[in-house]
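Here's the structure we're looking at; comments come further down.
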């Protein structure tokens, strides 16, 4: 810790003895006693109760000791992080991931990457296009894995790796679950679930309805979690759209896929990152793991 007074106080508190603390701190007992008296004077309270066998914290001393220990831990943690950065060990990759990447695609890739690069810490941040792209542009994320149908920027490189088709899921008791070749008109009048801030996805739904001459859908509930979305579907008669790659997860949670007459929409998905020279040195290695997990040509993965 930076404060010698507080450090001295903490050692005395830990040993309940001026004598033992002076030996640990390699200072004389009078000098240590003077330091404790100075701290007590500054605070205006007695920190220790003097006993024949040593000293004991007063209630004021207990409060100070509790906070000084927290300060000591924070300081040690800061020193450790600074040393790691100085020695080149403090490497962290901040990766933004859309729902299908967060839940389905990235976990095995990140696990494999960690086996080969245990010194690199990966921070996964979930989101949607409307939240992840701005974060990448401003530099708070090193890489994002999302659908790539957002406007291009000169400072952003986009690499398509897979085509993602969206499907509709509902509770098995939902009227649409029993129908074949469900058309756009059949989707009207039902409440919908969407992800928070997923303006792109919500706009796609609206465009699908508009293209069929229908009024906008009824967006009844927004949630920030895919698992929350699935639980809501399990407990109500909502409709939600998800990438077909998540169909098996939906199926495992007892949900049903709506058999639509036509494909709702299909988009390329992959990785996007900045062209800046100030990227993390470990980013190319992670990109290599992600690319290796997909075929050379974008393709929809198997679904149930």
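Here, each number is a calculation from the coordinates, and none is a lab measurement. The structure presented is a predicted model; accordingly, all values stated were derived computationally and were not measured.
Things to note:
- Net length available on complete extension from residue 262 to residue 25 is 77.6 nm, with 0.36 nm assigned per residue and the Cα-Cα distance removed.
- In the chain, the longest principal axis of the Cα atoms and the axis of helix 4-15 are about 90 degrees apart.
- Taking Cα atoms only, the orientation of helix 199-211 departs from the longest principal axis of the chain by about 10 degrees.
- Legend: translational diffusion of the stretch 4-86 by Stokes-Einstein, Rh = Kirkwood radius over C-alpha pairs, 25 °C, 0.890 mPa s; D = 182 µm²/s.
- Stokes-Einstein translational diffusion, the chain - Kirkwood Rh over all Cα pairs, 1.002 mPa s, 20 °C, in µm²/s: 90 µm²/s
- Calculated Rg and Dmax of the stretch 159-272 using C-alpha coordinates, Å: 13.5, 40
- Helical content of the chain, expressed as a calculated mean residue ellipticity at 222 nm, amounts to -12500 deg cm²/dmol (DSSP H runs of 4 or more residues, -39,500 (n - 2.57) each, divided by residue number, nearest 500).
- The stretch 165-266: antiparallel DSSP beta bridges as a percent of all, rounded to 5: 45 percent
- Degrees between helix 283-292 axis and first principal axis of the chain (Cα, 0 to 90, nearest 10): 40 degrees
- Applying 0.36 nm per residue to the separation of residue 115 and residue 34 and subtracting their alpha-carbon distance, the gain on full extension is 23.8 nm.
- For the chain, a Gaussian network of Cα nodes joined below 10 Å ranks 246, 102, 71 by mean-square fluctuation, and the top entry is 71.
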